[in-house]
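Beneath this line is the structure, given in structure tokens, with notes to follow.
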Amino acid sequence: MTPKPFPIAQRVSRMRESPTLAVMMEAKRLKSQGVDVIDFGPGEPDFPTPEPICRAAAAAISAGHTHYTDPAGIIELRQAISAWHAEHHGTDYDASEVLVGCGAKNLLFLLCLALFESGDRVALFSPYWVSFPEQIRLSEAEPVIIQTDPETGFVPTAALLETACDRGARAVILNSPCNPTGATIPVEEMDRIVSVIEKRNLLLISDECYEAFVYTEEEGGSFARFHRRIRDRLIIVNSFSKKFAMTGWRVGYLLGPEEILRAVRKLQSHDATHTSSISQWAAVAAIQEAQGSVRAMREEFRQRRDLLLKAFKKIPGISCSIPTGAFYAFPNLEGLYRGAGVSSTAELSAKILREARVATVPGEAFGRGGHVRISYALSRDRLLTGLDRLRQFAESV
Ligand code: PLP
């Protein structure tokens, strides 16, 4: 008799398998067979980690910075983060209001565990980054999902946030620039959102992982600029992953009320303890020595975005709101359904991969079918080849 497998806990069996997985696995399979797939899937910059960061990591190893650190992160890094925010956003967070962790994803998870429980409702704008709803559910709270409008570029608004409050939300997670739409919230709208936070006594968790990649003239980007109005109700989540092409180094951070950070620190001390000591020293060098590389990456992404939008205009059946940040576009492909004989972007993405050898991420993964996410974190050559294949596909169906 074969023994019965040990049952998996409900909290995990309830989780949804990522709908992005099917297309990504198939793309991987095709690539391993030598098929030249143009991959519009990556959620990370295609640039190498800048040299000064790598050098600082090697120096940290030589200097023996290879032991446990404070669970909140080394003081040198927390001070560098606090100083950078003071200079760029006029904040006055001190090092005790900064907590470093294993990437923004893990910190968001710990935040959900520290703040939410059964019976809580947390607002989230759709299309959303795939991990937000799962992390909210893992904390036993319930996501209140608010649809944004493609006509207005998928921008979350104060008016929409009010509707979430009416549905019982006591906190909101915002993500501007947004993965997957590339939408950024204009400063005036941020101001109105902050008024709702004040009026309705909400907690705002602002995921600003793509803050470095904004392509509009106006400043904005970070809710940190409003921190004096909502200091006790604002948590900024940020990361070194995208900004410094450091996804594998696993460094993210929180800025916010000390009491909340103490709770996250407590959780982290029983979880990963802290992120790698070596990565933390490398992150200090990132802030102090790699800002020029960030500017160069931003400029390159901006030019690729412009190439992409120009190419979209020549592809029948595709329409796209202008992404003003991150390195994603989220075009509507419903115009291709009929010709392609499909009724969802999940099916359409699979067909595009099979027939055009182009991998896209179907919008269903982000709570919005009819669209696909296209990442332009690949070389201009590959980008243009992929767009040409998409055009040929669209013209053939
Ligand atoms: N938040 C958003 C919106 C993201 O898109 C990602 C990564 O894709 C993360 C957080 C996670 O970043 P990190 O690598 O810092 O965990």
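Brief remarks follow.
- Scanning segment 194-219 for residues that are hydrophobic (A, V, I, L, M, F, W, C) and within 30 Å of residue 300 (Cα to Cα) returns 205, 209, 212, 213, 214.
- Here residue 272 meets each of (1) at pLDDT 95 or above; (2) surrounded by 23 or more Cβ atoms within 10 Å (Cβ to Cβ); (3) within 15 Å of the ligand (Cβ to nearest atom) with one exception, condition (2).
- Residues of segment 205-250 classified as surrounded by 22 or more Cβ atoms within 10 Å (Cβ to Cβ), β-branched (Val, Ile, Thr) and more than 14 Å from the chain's Cα centre (by Cα), total: 1
- Qualifying residue in segment 58-65 (condition: of a type in the set (Val, Ile, Thr), more than 30 Å from residue 226 (Cα to Cα) and open to solvent by less than 30 Å² (accessible area, probe 1.4 Å)): no
- Helices (runs of 4 or more DSSP H) wholly inside segment 103-199 that include at least 2 residues being open to solvent by less than 10 Å² (accessible area, probe 1.4 Å), assigned by TED's automatic domain parsing to the domain that holds residue 265 and within 30 Å of residue 250 (Cα to Cα): 103-115, 131-138
- Residue within segment 118-129 that is within 16 Å of the ligand (Cβ to nearest atom) and among the acidic types (Asp, Glu) present: no
- Only residues that are more than 30 Å from residue 238 (Cβ to Cβ) and within 16 Å of the ligand (Cβ to nearest atom) were counted in segment 326-347, giving 0.
- Inter-residue pairs, beta-carbon under 6 Å, first farther than 15 Å from residue 101 by Cβ and in segment 235-259, second of a type outside the set (Val, Ile, Thr) and more than 9 Å from the ligand (Cβ to nearest atom), 6+ apart: 243/212; 244/286; 244/290; 245/45; 245/47; 257/232; 258/96; 258/97
The values are calculated or read from the model by the stated rules, or taken from the named source; none is laboratory data. Predicted, not measured: the structure shown is a model, and the values here were computed from it. Cβ coordinates were reconstructed from backbone atoms using ideal geometry, including for glycine residues, and neighbour counts include every protein chain displayed. Only protein heavy atoms, including side chains, enter the accessible area calculation; ligands, DNA and RNA are left aside. Shrake-Rupley method; radii C 1.70, N 1.55, O 1.52, S 1.80 Å.
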